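Worksheet for the structure shown next.
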Amino acid sequence: LVECAWSSVQKDPVMLQRYEELLQNHSRKRAILIITRKLVSRIYRVLKTKEEYVIGVEK
């Protein structure tokens, strides 16, 4: 999941923006773990609602 979080930071501008915000107060490792948690929440939402994942949309 951490590897997927790195990919999402590279491909999703919303995740990149959040990652950059986290870097101001956290180390790179801690910031990517927070992004991983956010990604897990998004995956859960996609599975629960059966909606398609949309890059660049924050919900």
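State yes or no: is V46 without any contact (Cβ under 8 Å) to a residue 12 or more places away in the chain, part of a helix (DSSP H, G or I), open to solvent by less than 100 Å² (accessible area, probe 1.4 Å) and out of contact with any strand residue (DSSP E or B) (no Cβ under 8 Å at 6 or more places or on another chain)? In short, yes.
If you go through segment 11-25 and keep only what is touching a helix residue (DSSP H, G or I) at 6+ places or on another chain (Cβ under 7 Å) and farther than 13 Å from T36 by Cα, you end up with just L23.
For I32, indicate whether it is modelled with pLDDT of 95 or more and assigned to a helix (DSSP H, G or I). Judged against the criteria, I32 is a match. The residue that is surrounded by the most Cβ atoms within 10 Å (Cβ to Cβ), counting only those in segment 1-35 that are among the charged types (D, E, K, R) and within 17 Å of V54 (Cβ to Cβ), is D12.
The values are calculated or read from the model by the stated rules, or taken from the named source; none is laboratory data. This structure is a prediction, so every number in the text was calculated from the model and none was measured. Cβ: placed from backbone, ideal geometry, glycine included. Neighbour counts: every protein chain shown. We work out accessible area using only protein heavy atoms, side chains counted, and drop any ligands, DNA or RNA first. Shrake-Rupley method; radii C 1.70, N 1.55, O 1.52, S 1.80 Å.
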